[in-house]
1. Give all pairs with beta carbons closer than 9 Å in which a residue from the range 393-412 that is free of Cβ contacts under 8 Å to residues at least 24 places away in the same chain and over 20 Å from VAL151 (Cα atoms) meets a residue that is assigned to a strand (DSSP E or B) and polar (S, T, N, Q); count only pairs at least 6 apart in sequence or on separate chains.
2. Right, ALA162: under 22 Å from GLY446 (Cα atoms), without any contact (Cβ under 8 Å) to a residue 60 or more places away in the chain and out of contact with any Cys (no Cβ under 9 Å at 6 or more places or on another chain) or not?
3. Could you grab me the full set of residues in the range 333-377 that are among the small types (Gly, Ala, Ser) and open to solvent by less than 20 Å² (accessible area, probe 1.4 Å)?
4. Which residue, of ALA281, ALA307, ALA252, is in contact with a strand residue (DSSP E or B) (Cβ under 6 Å, 6 or more places away or on another chain), among the hydrophobic types (A, V, I, L, M, F, W, C) and farther than 23 Å from LEU149 by Cβ?
5. Go through (1) closer than 21 Å to TYR407 by Cβ; (2) assigned to a loop (DSSP other than H, G, I, E, B); (3) in contact with a Phe, Trp or Tyr (Cβ under 7 Å, 6 or more places away or on another chain) one by one and return the number of the condition ALA307 breaks.
6. Being more than 22 Å from the chain's Cα centre (by Cα), among the hydroxyl-bearing types (Ser, Thr, Tyr) and open to solvent by less than 30 Å² (accessible area, probe 1.4 Å) is the requirement here; does SER438 meet it?
7. I'm checking my understanding of the structure. Among residues of the range 264-300 that are polar (S, T, N, Q) and part of a loop (DSSP other than H, G, I, E, B), which one is surrounded by the most Cβ atoms within 10 Å (Cβ to Cβ)?
8. Being closer than 16 Å to SER250 by Cβ and of a type outside the set (Lys, Arg) narrows it down to one of ASP275, ASP297, so name that one.
Amino acid sequence: MDVIAVVPIFMSAGAAALPTIVAALTAVAALVFKPRALLQTCRRRPVLALSAIAGIAGVILFSTWLLTPAQAARRVQSGDRPRQDWAKVAERILALEQTGKAPTLMVAQAMDVPLFLGRDMSRRGYDGGAIPVGLKQIWNFRPDETMFLSVSAITAHYVYAAGCQTDVGGFTGLLACLDAETGAPIWQIAQANDEPLRPFFSSPALSRDGKNLVIGQGLHDDHDCSLLCFDATDGHLRWSVKTPLHIESSPAIFGDIAVAGAGAIEGKDGKAVGDPGYVLAVSISDGRELWRQSVNDPESSPAIDDAGVVYIGSGFNGSAVIALRSETDQELQDKKLPRVIWQTPVAYPVTSAITLAGDLAIAGAGNSDYVYSNPNPQGAVVALDRKTGQIRWRTNFQDAVLGEVAYADGKLICPLRTGEVTALNAVDGTVLWRARVSGAAPVLAGCALAGNRVYAVSRDGYLAIIDANDGKVLEKTYLNDQARPGTGLSVSAPQVVGGRVIAGSETGGLKSFVGSGNAP
């Protein structure tokens, strides 16, 4: 069946177009002011509904251009948002329709709803679009002396990246909003309230409306760091919640709540110096701290389920997985419920992000860290019942699992400090295959699982595409600067979003790749 996409056409004879414009606006307004009718139209005829949205935007843009023609030629400056190309929107709608997919993704793209919110709850680094192979770099955001250790937050049009910049005697932070098509900075900041930003290991997370960017600050030895919230439009600081510790944990967002862990600062004996750590929840709308719960070294990135239950790992001096209620202290007091639902020891520190896989909470664990391997290294992936905390299964490895585990279609993809990527059966933890990325170089970053392809990064800076069915390495791309191989801190997980691969590196900047083909 033929599919028709309506695209706004800009005519030089504005007066002649007025009757058509008025008629279109009248018809569309009838839907806009009848929410039920609009919803039914979106369900029954999504292309028509999206075309109507495109039409409104086109008319508004045309009217603005007609009234202020000088604005039409104005280039986008730092802080401005580029305009939507509605012809491309229509083309992408048609492409989706022809593949048999409902254009729900196009709604997100048209309205610029976040597609991949940093370390998203799905824990697989993939937005469901095209799966690129035969990678070719299209842009590289490479500020001087900047490492990208975290995962970017991405919408249809923007990439929000956080980095660590070398400074005299240490590191400072850089936060930037990039044009997703070109990599050009929309805005970038290195200070807030006249103070340099602290370095970022934590990954930024966008609120569901795409207006607020929440991120923790500090590296492992830093103290007196804060959970920060920035306006996603221009990068100005909206609020900060200070801690005596550092926040390497990446925030998870549930409604108006952002939850992150403040990790301990350990001495030479491995014991916490001062506060052993806690999980905190903050109101995104006003920056109020809603609650905090003592947890030993919660440097794990939490996951929050649809019921608002927070799952987070306890690291060194803790070695556990914990489930917490997210309600305020007063709400729990009224219900006479404790904050902690369950706490399950798992033998090794849990510093990886928690992954939700059906009725399981999946945790990577191990006694090594990102820099050093333990003299007697041990590691495991543990699956816990989300309701009870009971361990369903456990698969042991020769060293730690530090990166987040990707999950889709009953399969878990796990990065191993041994230099391998492994696939596990999510039902019982059975090893399906193991593959090396770059010799013995550890795989510290989480992997992206996109259909039948796995995207993995080794510590020495190689991005590999692996067949998810058998573990065969299909291609590899070097991310670091060829002249500066780095020190082995390529720990940023790759993402497959909008048919592109976006990956950070230690010395080569933040890169975006497209594929010469699409994986079958």
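1. GLY410/ASN425
2. yes
3. Correct list: SER352, ALA353, ALA357, ALA361, ALA363, GLY364, ALA365, GLY366, SER368.
4. Going through ALA281, ALA307, ALA252 in turn, just one is in contact with a strand residue (DSSP E or B) (Cβ under 6 Å, 6 or more places away or on another chain), among the hydrophobic types (A, V, I, L, M, F, W, C) and farther than 23 Å from LEU149 by Cβ: ALA281.
5. (3)
6. In short, yes.
7. Restricting to residues being polar (S, T, N, Q) and part of a loop (DSSP other than H, G, I, E, B), the top hit is SER300.
8. Criteria check complete, one pass: ASP297.
The values are calculated or read from the model by the stated rules, or taken from the named source; none is laboratory data. Just so it is clear, the structure is predicted and the values come from calculations on it, not from any experiment. All Cβ positions, even for glycine, are placed from backbone atoms using ideal geometry, and neighbour counts span all protein chains on display. Only protein heavy atoms, including side chains, enter the accessible area calculation; ligands, DNA and RNA are left aside. Shrake-Rupley method; radii C 1.70, N 1.55, O 1.52, S 1.80 Å.
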